[in-house]
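Remarks on the structure that follows.
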Amino acid sequence: MSMIVNRRDLDFQLYEVLNIESLFESERYASFDRETIDEIFNGAEAIAEEVFLPFADKLDAHEPRFENGTAVSIPEVKLALDAFAEAGFFAAGFDEDIGGLQMPYVTQTAMNGMFSAANGPAYGFVMLTVAAANMLEAFGSDEQKAQFLPAMLEGRWFGTMCLSETQAGSSLSDIRTRAEPRDDGLFNISGTKMWISGGDNDVSENIVHMVLAKLPGAPAGVKGISLFIVPKFRVDASGNMAERNNIELAGLNHKMGQRGLPNTLLNFGESGESVGYLVGEPHQGLHYMFHMMNEARILVGQGAAMSGLAGYLFSLDYARNRPQGRHPQNKDPESPQIPIIEHADVRRLLLSQKASVEGSQALVFYCCVLVDRLKIEADAGEKQRLHLLLEILTPIVKSWPSEFCLEANKMAIQVLGGYGYTRDYPVERFYRDNRLNPIHEGAHGIHGIDLLGRKVAMYGGEALNILLEEIRQTIALAGDDFVAEKKALDDALNTLQVATVAALSCNDVTQRLANATLFLDACGHIVIAWLWLQQASAASAKGSGLATDDDFYTGKITAARYFFRYELPKAIPMLELVASLDRTTLDMGIGEFTGG
């Protein structure tokens, strides 16, 4: 059994539930078919298991070192990323006319998930580079694309996003980095950026930093932010590297998890001029950066799901092979011990992991298909509908897997018991690595504010209505085997609507958003339940005719029923609390936390 992917479930999600073969009928993806995708997946799985996975523990134990002003990684990192690049995977999702494979986003994400599960920190370099290259392709000038994209798609130059600063954190309106115009049309960038993943390394030839900064006289707040390309080494018009660009590594942050991906403090313009290129129009930087961040948010959800999957697969294998104890009715101490998977509570822990992990993967793949459909849809009305559906699901796809696949990792540790809490087994590392995902690309609470404060109300509630229509269509199509599940989901939708109306009717914005995180979690539970109903319906339709897969399909239906009985009901009291406009957290005085 693979420890990084369940190919049977991958096939089920992509082909039996989402029918991604319909994408191959479009002109954009016409060069792909299931056989071609399988061959790509086979190659990716081999590289992930043979090159990335073997040094994951070593990378965790030997985080990058600060040496001579550079972040130095163990040599296995470069060997792995070179293998990834040689396979052409950096360019997998880019258009053919710029050297890419033009692979559907959903299959690209599924493929990359294998690397994320095998060695998330090493794969982090890839995620950042591809996201930066996508933003450059979307908003950069032709000259900028010619200078930077080829080396990024070849995997020789890596990319970053430089948003946060020590005094600002998530409050980007308070950034202080400045961009002063030069006589040659470029800009001198000065300031400090904090929490920059991949901000320095000895693995790539160059690093293409995407930096948010403010021009002289820019409007206050986020409306005055511009975006700049600031490479580690300057680049001439032909794309050739020149001298260093005076970006200094000021320090490395030592993290709880994701230790193998250097997280940096960078100083721009401290030791000389750091030259930057303005991307697009002045003061549009946040708009451009969110193009990168929204893509990254789907990938954060995927990364969380893959950490959860790695823990689930490992703990499942352990539970099948670890003998301990006997059935409660067996009092004979001389009788053989049983595998711990025979114990009811261990099965509960495993089933909870399966429900969270495979539900999260379903959500990630669904959102990826929306991205693909947006690229090939010709009808303007349908394109807008798909866009709004993706908009309202984006805070959920980032946040729900990050929060609840972390819980799955906790349960994987519990399955192993005391062994799970030691470094003898990788499940404690999976938990530590996954703990970053509720924090970065917008902390968990920020996405609750985004969902309740903006997304459900946008265009007069049109995005929410589209989501509700999609869910109710699934309810209508589900068979009679799922009467209880259909009713539970319909009841949850009604409760969601009541809570949404109550919250949006509150004129006190602070009170309206006081319980936005609960709203986010509850919406996530409802969305995951919807996608489990889709999976159960597909399993019910296919299972009766394929005896060899009966266990797989029955397992899907059982996991769906688990989620509806154990998890979905938790959404109701959360939504009722939102609807009540409860002020407990607001009314708690600061002094009351300690009484001092």
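Laid out as a table, the results:
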item: Members of the range 7-63 found to be in contact with a Leu (Cβ under 9 Å, 6 or more places away or on another chain), aliphatic (A, V, I, L, M) and within 26 Å of Glu96 (Cβ to Cβ), listed by number; result: Ile20, Ile37, Ile40
item: The one condition in (1) over 19 Å from Thr129 (Cβ atoms); (2) open to solvent by less than 40 Å² (accessible area, probe 1.4 Å); (3) without any contact (Cβ under 8 Å) to a residue 24 or more places away in the chain that Glu21 fails to fulfil; result: (2)
item: Close pairs (8 angstrom Cβ cut-off, 6 or more residues apart or separate chains): in contact (Cβ under 8 Å) with a residue 24 or more places away in the chain and part of a helix (DSSP H, G or I) in the range 563-586, open to solvent by 50 Å² or more (accessible area, probe 1.4 Å) and among the acidic types (Asp, Glu) anywhere; result: Ile572/Asp491
item: Residue ID - most open to solvent (accessible area, probe 1.4 Å), chosen from residues in the range 407-436 that are among the hydroxyl-bearing types (Ser, Thr, Tyr) and more than 9 Å from Gly311 (Cβ to Cβ); result: Tyr421
item: Subset of the range 47-64 [outside any loop (DSSP other than H, G, I, E, B) and more than 10 Å from Phe115 (Cα to Cα)]; result: Glu50, Pro54, Phe55, Ala56, Asp57, Lys58, Leu59, Asp60, Ala61
item: Considering residues of the range 338-362 that are free of Cβ contacts under 8 Å to residues at least 40 places away in the same chain and surrounded by 13 or more Cβ atoms within 10 Å (Cβ to Cβ) only, the residue farthest from Ile528 (Cα to Cα); result: Ile338
item: Qualifying residue in the range 482-501 (condition: modelled with pLDDT under 95, open to solvent by 60 Å² or more (accessible area, probe 1.4 Å) and in contact with a helix residue (DSSP H, G or I) (Cβ under 9 Å, 6 or more places away or on another chain)); result: no
item: Count - residues of the range 56-93 that are out of contact with any Asp or Glu (no Cβ under 7 Å at 6 or more places or on another chain), crowded, with 21+ Cβ neighbours inside 10 Å and within 16 Å of Thr129 (Cα to Cα); result: 8
item: Qualifying positions in the range 1-18 - closer than 23 Å to Phe52 by Cα and in contact (Cβ under 8 Å) with a residue 60 or more places away in the chain; result: Met1, Ser2, Met3, Ile4, Val5, Asn6, Arg8, Asp9, Leu10
item: Complete set of residues in the range 25-46 that are open to solvent by 60 Å² or more (accessible area, probe 1.4 Å) and either assigned to a helix (DSSP H, G or I) or under 19 Å from Phe84 (Cβ atoms) (or both); result: Glu25, Arg34, Glu35, Glu39, Asn42
item: Qualifying position, being open to solvent by less than 30 Å² (accessible area, probe 1.4 Å), modelled with pLDDT of 95 or more, among the aliphatic types (A, V, I, L, M) and touching a Lys or Arg at 6+ places or on another chain (Cβ under 7 Å), among Leu136, Leu149; result: Leu136
item: Selected residue (criterion: modelled with the lowest pLDDT) from residues of the range 321-338 that are within 40 Å of the chain's Cα centre (by Cα) and among the polar types (S, T, N, Q); result: Gln324
item: 1 or more residues surrounded by 21 or more Cβ atoms within 10 Å (Cβ to Cβ): qualifying strands (runs of 3 or more DSSP E) within the range 227-299; result: 233-235, 247-252, 263-268, 274-278
item: Test: Thr517 is polar (S, T, N, Q) and surrounded by 13 or more Cβ atoms within 10 Å (Cβ to Cβ); result: yes
item: The lone exception for Cys162 - which of (1) in contact with a strand residue (DSSP E or B) (Cβ under 8 Å, 6 or more places away or on another chain); (2) open to solvent by less than 50 Å² (accessible area, probe 1.4 Å); (3) modelled with pLDDT under 95; (4) farther than 20 Å from Gly140 by Cβ it fails; result: (4)
item: Matching residues in the range 1-48 - criterion: being at pLDDT below 95 and under 22 Å from the mean Cα position of the chain (by Cα); result: none
item: Hits in the range 181-191 (condition: open to solvent by less than 50 Å² (accessible area, probe 1.4 Å) and polar (S, T, N, Q)); result: Asn188
item: Some residue of the range 387-406 being surrounded by fewer than 21 Cβ atoms within 10 Å (Cβ to Cβ), out of contact with any Cys (no Cβ under 9 Å at 6 or more places or on another chain) and without any contact (Cβ under 8 Å) to a residue 40 or more places away in the chain; result: yes
item: Test: Gly453 is of a type outside the set (S, T, N, Q), farther than 30 Å from Gln324 by Cα, touching a Ser or Thr at 6+ places or on another chain (Cβ under 7 Å) and open to solvent by 10 Å² or more (accessible area, probe 1.4 Å); result: no
item: The range 201-226: number of residues that are surrounded by fewer than 23 Cβ atoms within 10 Å (Cβ to Cβ) and either outside any loop (DSSP other than H, G, I, E, B) or without any contact (Cβ under 8 Å) to a residue 12 or more places away in the chain (or both); result: 7
item: Unmet requirement for Glu441, which otherwise passes all of (1) charged (D, E, K, R); (2) modelled with pLDDT of 95 or more; (3) in contact with a Lys or Arg (Cβ under 7 Å, 6 or more places away or on another chain); result: (2)
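The values are calculated or read from the model by the stated rules, or taken from the named source; none is laboratory data. Computed from a prediction, not measured in an experiment: that's the story for all the values here. Note: ideal-geometry Cβ built from the backbone for every residue, glycine included; neighbour counts use all protein chains shown. Protein only, heavy atoms only, side chains kept; ligands, DNA and RNA dropped before computing areas. Shrake-Rupley method; radii C 1.70, N 1.55, O 1.52, S 1.80 Å.
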